[in-house]
């Protein structure tokens, strides 16, 4: 099976999210940050509406700052970093081709290539918009699902299930 595609900045950001969500902390941290931030904002707005608004708002201000900092550290900063990584990585731009065969995955792009045997992949995971193939706990190759038609996606899943253990 051969697939040709071109990576985008959005692919890098989404791949980071998929990578992060494969572990429980990463999966739930976004939800917790969102809920805490929403609750703090509701408390501040209600505090302003009520009689003792200034006091309640002042009491919740440190919590609001903490929630904002937490959001920046866990959500905004990593997204910005992934965008920067894409922009500064010449090999990520331009057309790419991957060929999956009985030996492994053969990646080709303008300026480079990589041939990775199936035995060197430790796991794979599927996100909403991409498939990540891990050659180490922290290093993965990304394949956007938009480059695949439904039949290819089904075929690729079967190949990966046979050749690599899927991450749980």
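The values are calculated or read from the model by the stated rules, or taken from the named source; none is laboratory data. This structure is a prediction, so every number in the text was calculated from the model and none was measured. Positions of Cβ are generated from backbone atoms using ideal geometry, with glycine treated the same way; all protein chains shown enter the neighbour counts.
Tabulated values for the structure
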{"quantity": "Residue count, region 88-116 (criterion: touching a residue at least 40 places away in the same chain (Cβ under 8 Å) and within 22 Å of the chain's Cα centre (by Cα))", "calculated": "7"}
{"quantity": "Total residues in region 139-150, condition exposed (fewer than 11 other Cβ atoms within 10 Å of the Cβ) and under 16 Å from residue 164 (Cβ atoms)", "calculated": "1"}
{"quantity": "Considering residues of region 4-15 that are outside any helix (DSSP H, G or I) and surrounded by fewer than 16 Cβ atoms within 10 Å (Cβ to Cβ) only, the residue modelled with the lowest pLDDT", "calculated": "8"}
{"quantity": "Residue, farthest from residue 96 (Cα to Cα), within region 139-150, restricted to residues that are touching a residue at least 12 places away in the same chain (Cβ under 8 Å) and not in a helix (DSSP H, G or I)", "calculated": "140"}
{"quantity": "Failed condition for residue 133, given (1) part of a helix (DSSP H, G or I); (2) at pLDDT 75 or above; (3) surrounded by 15 or more Cβ atoms within 10 Å (Cβ to Cβ)", "calculated": "(1)"}
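Here is a yes/no grid of residues against (1) modelled with pLDDT under 75; (2) in a helix (DSSP H, G or I); (3) exposed (fewer than 15 other Cβ atoms within 10 Å of the Cβ); (4) assigned by TED's automatic domain parsing to the domain that holds residue 139:
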position	(1), (2), (3), (4)
17	no, yes, no, no
31	yes, yes, yes, no
43	yes, yes, no, no
67	yes, yes, no, no
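Residues checked against (1) within 13 Å of the chain's Cα centre (by Cα); (2) surrounded by fewer than 18 Cβ atoms within 10 Å (Cβ to Cβ); (3) in contact (Cβ under 8 Å) with a residue 12 or more places away in the chain:
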site	(1), (2), (3)
118	no, yes, yes
125	yes, no, yes
129	yes, yes, yes
137	no, yes, yes
152	no, yes, yes
155	no, yes, yes
158	no, yes, no
161	no, yes, no
